[in-house]
Amino acid sequence: MTTSRREFLKGAGALVVSLGALSQAMGQEEQHGQFGTHPSHVDPDKLDSWIAVNANGTVTAYTGKCDLGQGIFTAQTQLIAEELCVPLHTVKLIQCDTAVTPDQGSTSGSQSTPTNFNVRDLALAAATAREALVSMAAAHFGEDAAHLTSKNGYVHSPSGNLVSYAELIGAKKFSLPVNKQARRRSPSEWTVLGKPVPALDHVALMTGTFEFVQNVRVPGMLHGRVVRPPEMGAKLLSVDETSVRDIPGIVKVVYRRDFLGVVAETQFAAVQAACKLVCKWQPGSSVPPQETFFEYMQQQPSHDELSVDSGDVPAALAKAHHVLRARYTYPYQMHGSLGSSCAVADVKAEGATVWSATQSVYATRSCIAMLLNMPPDNVRVIFVRGSGCYGLNGADAVSFDAAVLSQAVGRPVRLQYTRRDEMMWENFGNACVVEQSAGLAEDGSVLVWDRENWVANRGSRPGYDKPGNVISGMLLGYGPEPLRPSPAKPPAKRLRNGSNTVPEYVAGCVGGACSGSGTVKSERVLTHTVASPFYTGPLRSPLRIQNTFANECFLDELAAAAHADPVEYRLRHLRNERVRGVLQAAAKAGNWHPRADRILSSENREAEVMGRGVACVAYEGDNGFAALVADVSVNRHTGVVRPVKFTIAIDCGPISNPDGLRNQVEGGLLQGMSRALIEEVTWNAKRITSVDWTGYASLRMDYEVPEIETVFVVPENVPATGAGETSITVTPAAIGNAIFDAAGVRLRHLPFTPARVLAALNESKHKGARSA
């Protein structure tokens, strides 16, 4: 931890260094509210905090956004090469190390691209550096800077003179602020951005040479294991340290409040000790039964929030020609990372270094400092990629655990969770209930939409000061932020749809101004947040996928009631041109034909029937746009749903890397398919029971992958948006709508397991028989 930014840069051969003062300006203040950043010793307003030109002409760049497998490492490297006009191979990108990189908050919410590719942060810093180098060259040549150009790490003049960046910067720092007015290179000028550059880490990944956090080894390293409570809410009463004394290599049993762990010379010894250690726990309270959990949620005290409320919903429903109601439920789901979470910590009296797969190095640094009773400046957190998560798996919790164990023994400790540790105690994606009502006019158009949802919540990202938002911090005495029940206040003055609670088809009118995507002006959207018995947190498309599933399936129900084609019906109620654009593009590419009143005849006895469904979303209201046409088959005898083809249109503004974007889209579709058809957390009265790959199933390698066709929609003169969570968000809804189109049954609870499909088919058959 004694390594300073200056020493780090000297070791890398960089000539540009900075230990800027705490920032109070543009980037820091603006990001504080949106991304939760704090002032740090790396000043984001100073150019030297972002860019260094090295003696050999290479460039070192620094980013606070890390690559979790989404390809942002390659895209950010392309961004630097483009804006600085240097060859791609000359850029070295340092990501998420609290000793040297700026604090850009958490790598989450599809914010890496908006943060670094729009007019600020990395892009603006690189543009500032390019203009500064051109100005230096102008002085060097004695020529007008307006006539000079940059290319391949050199500045060229019309007279034929050229000078390298390395020659210009010498041993000096830029010593300049980031120029807010620096000119960005437009997409028409791009030579590196916008190109299908292969991911820069693929060779290492495919040859087994890529270093994950699980591969980190440091001298003198010991191995740790945690011993978690046997059930939810259990409290540690006593520990018998003598029960493990005979295990060769045991170093120490560590316990603090309800936290318990062991440290040993070898991983095998740590495993043995964790299994053999005798301890007593005070039992926890019972967990609500899973079979009635959604009803339980709706009966709990809640913190309420109105997103929109036109004030006339009851009256409008009373006047409607036809009213429809539906209830949708979404289960807890988990990250289920293929490799369990791991961290390595080296805690000494003077400071700590932690190698972690956290998405929030600065926030993790602050929480670890709290747990160790150490100043944050004495803690260094270095991001090393771990198992893919796209949300909050065990990466933060295992980092806290490793640090506590290391401090207890005064030596480096590597800690890797067991599968059970990971799956029982991670922060699950929220369980939700959504009740919807809508009133239709005589022509079938939606006049009024009333939406009420319940969200089970406990914990989340720890941020800078809430280590108790994950299991490790709670066991150490930092409880999660408590739920404070309260009635809903009037909606905010401007519609904020960050969780896609508000359907695309309502106008979002607040105080006379409408900022939603749709035409329906009689509207109410009320959210009840209730206390969850389990830890929850962001899981790819957090709450967006749950809300979009309910909204898009209900819109399909309204279209069926109106005897309207689902695509035409959506377009009739949409006014956002970017949502309309992706919907029309997906329908065209998918060769969509009108599907009004296409319900399977009960006399059709084919075992396998085909159907098509559609769904669309403006992710978070304005952070990416997607529409999906899903072709699926439904086996009426087995209940198996098999996606055959996905046709998806994506609009995320200017595309930095088409191959990377396509990978993100396809990965999101497959994960969405897994969550729609297979994944569900289970529990009994005391504990989580889905603690292995038998109890928690997900998409397997031998599953038949559907054909995927991706269409990019790129409007002119729009900013870049996120892309990592758009395709997954629409997948469950499109599949659910396709099941209805194929088999005539509406499934309103995920996942669409064969048992649930068969139950719906049997219920439909019996209803038909009673009607006859």
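The values are calculated or read from the model by the stated rules, or taken from the named source; none is laboratory data. None of the values given here were measured: they were computed from a predicted structure. Methodologically, a virtual Cβ is constructed for each residue, glycine included, from the backbone with ideal geometry; neighbour enumeration extends over all protein chains shown. SASA here: full protein model, heavy atoms, side chains in, ligands and nucleic acids out. Shrake-Rupley method; radii C 1.70, N 1.55, O 1.52, S 1.80 Å.
Pop a pseudo-label 7 angstrom from the Cα along the beta-carbon direction at both His766 and Asp201 and give the gap in nm to one decimal.
So the label points at His766 and Asp201 sit 5.1 nm apart.
Using DSSP to call loops (not H, G, I, E or B), can you name the trypsin sites (Lys or Arg not before Pro) in region 489-578 whose Cβ has at most 14 other Cβ atoms within 10 angstrom? Could you put the intermediate results ahead of the total?
Working: sites: Lys493, Arg494, Arg496, Lys521, Arg524, Arg540, Arg544, Arg570, Arg572, Arg575, Arg578; in loops: Lys493, Arg494, Arg496, Lys521, Arg540, Arg575.
The qualifying sites are Lys493, Arg494.
On average, how much area does the Cα convex hull of region 266-362 cover when viewed from any direction, in nm²?
Working: hull surface 58.0 nm².
Value for region 266-362: 14.5 nm².
Provide the net charge surrounding Gly224, with neighbours chosen by a C-beta distance below 9 Å and charges set as Lys +1, Arg +1, Asp -1, Glu -1.
Net of charged neighbours comes to +1.
Using the Karplus curve 6.51 cos²θ - 1.76 cosθ + 1.60 with θ = phi - 60°, what ³J(HN,Hα) values do you get for each residue of region 469-476, in whole Hz, with x for Gly and Pro?
6, 10, 4, 4, x, 4, 5, 8
Around Lys92, which amide H atoms from residues at least 5 apart in sequence, or from another chain, sit under 5 Å from its own amide H, with H modelled in the peptide plane?
The list, which skips near neighbours in sequence, is Val59, Thr60, Ala61.
How large is the Kirkwood hydrodynamic radius of the chain, in angstrom, based on all distinct alpha carbon pairs?
On the way: mean 1/r = 0.0359 Å⁻¹.
Computed over Cα pairs of the chain, the Kirkwood hydrodynamic radius comes out at 27.8 Å.
How large, in percent, is the carbon and sulfur part of the accessible surface of the chain at a probe radius of 1.4 Å?
Numbers: 15580 of 29750 Å².
With neighbouring chains kept in place, the figure for the chain is 52 percent.
Return the subset of Lys319/Lys521; Lys92/Lys173; Lys319/Lys489; Lys319/Lys767 for which the Cα-Cα distance in this structure is over 20 Å, preserving the input order.
Numbers: Lys319/Lys521 14 Å; Lys92/Lys173 18 Å; Lys319/Lys489 27 Å; Lys319/Lys767 29 Å.
Table pairs above 20 Å Cα-Cα are Lys319/Lys489; Lys319/Lys767.
Relative contact order (percent) for the chain, with alpha-carbon contacts under 8 angstrom and 6 or more residues of separation?
On the way: 1854 pairs, mean separation 98.7, N = 772.
Value for the chain: 13 percent.
In 5 Å bins starting at 0, how do the alpha-carbon pair distances of region 526-637 split up by percent?
2, 9, 17, 20, 18, 13, 10, 8, 4, 0
Using only the Cα atoms of region 170-324, each taken as one equal point scatterer with no solvent, compute I(q) by the Debye sum, divide by I(0), and report log10 of the ratio at q = 0.11, 0.13, 0.19, 0.20 Å⁻¹.
-0.90, -0.90, -1.24, -1.29
Taking the solvent-accessible surface of protein heavy atoms with a 1.4 Å probe, what is the per residue accessible area of the chain in Å²?
Here the residues of the chain average 39 Å² of exposed surface.
From the cross-link list Lys252/Lys276; Lys280/Lys686; Lys235/Lys280, which pairs have alpha carbons spaced over 18 Å apart?
none
Counting pairs of alpha carbon atoms under 8 Å apart in space and at least six apart in sequence, what relative contact order in percent does region 122-176 give?
Across region 122-176, relative contact order equals 28 percent.
List the trypsin sites (Lys or Arg not before Pro) in region 240-271 that DSSP assigns to loop (not H, G, I, E or B) and whose Cβ has at most 11 other Cβ atoms within 10 Å. Which are they?
Here the sparse-neighbourhood loop sites are Arg245.
With N residues in region 515-574, what two-decimal value do you get for its Cα radius of gyration over 2.2 N^0.38 Å? If you can, show how the numbers build up before the last one.
Working: Rg = 15.0 Å, N = 60, 2.2 N^0.38 = 10.4 Å.
Rounded to two decimals, the normalised Rg is 1.44.
Under a 5 Å amide H to amide H cut-off, with H placed in plane at 1.01 Å, what residues pair with Val640 once short-range neighbours are removed?
Amide H neighbours of Val640: Asn635.
Specify the inter-centroid distance of region 92-111 and region 390-435, based on alpha-carbon positions, in whole Å.
If you average the Cα positions of each part, the centres end up 21 Å apart.
For n ≥ 4 DSSP H runs only, could you compute -39500 (n - 2.57) per run for the chain, divide by its residues and tell me the 222 nm figure to the nearest 500?
-9000 deg cm²/dmol
Once both labels are modelled 7 Å past Cα along the beta-carbon direction, what's the Met701-Asp443 spacing in nm?
According to this spin-label approximation, the distance is 5.6 nm.
Quick check: Cα centre of region 691-765 to Cα centre of region 189-228, how many Å?
Rounded to whole Å, the Cα centres lie 30 Å apart.
What aspartates and glutamates sit close enough to Lys151 to cross-link, taking a C-alpha to C-alpha distance under 15 Å and skipping anything fewer than 8 places away on the same chain?
List returned: Glu82, Glu83, Glu131, Glu167, Glu189.
Starting from the coordinates of the alpha-carbon atoms of region 210-272, obtain the Kirkwood hydrodynamic radius over all distinct pairs and give the value in Å to one decimal.
Details: mean 1/r = 0.0758 Å⁻¹.
The answer is 13.2 Å.
Pull up the cross-link candidates among the lysines for Lys645, meaning alpha carbon to alpha carbon under 24 Å and not fewer than 8 places away within one chain.
Lys588
Using DSSP H assignments, which helices in the chain have an axial alpha-carbon span of 20 Å or above and a mean Kyte-Doolittle hydropathy of 0.0 or higher?
121-141, 395-409, 544-561, 726-743
Need one word for region 78-196: rounded, prolate or oblate. Basis is the Cα gyration tensor (sqrt eigenvalues a ≥ b ≥ c); a/c below 1.5 gives rounded, then a/b vs b/c decides.
prolate
Using Cα positions and a limit of under 12 Å, work out the aspartates and glutamates in reach of Lys46, with same-chain residues fewer than 8 apart set aside.
Asp121
Hey, how many Å between the Cα centroid of region 616-681 and the Cα centroid of region 44-65?
Region 616-681 and region 44-65 have Cα centres separated by 37 Å.
Taking H placed 1.01 Å from N in the peptide plane, check which residues at least 5 places from Lys348 or on another chain put their amide H under 5 Å from its amide H.
Counting only residues 5 or more places away or on other chains, the set is Thr353.
Which loop trypsin sites (Lys or Arg not before Pro) in region 280-381, with loop taken from DSSP, have no more than 16 other Cβ atoms within 10 angstrom of their Cβ?
none
Looking only at Cβ-Cβ distances, which cysteines of the chain have no other cysteine closer than 4.7 Å?
Those would be Cys85, Cys275, Cys279, Cys342, Cys367, Cys389, Cys432, Cys553, Cys616, Cys652, since no other cysteine Cβ in the chain comes under 4.7 Å of theirs.
For region 564-716, what's the relative contact order in percent, using C-alpha pairs closer than 8 Å and at least 6 residues apart?
It comes to 23 percent, rounded to a whole number.
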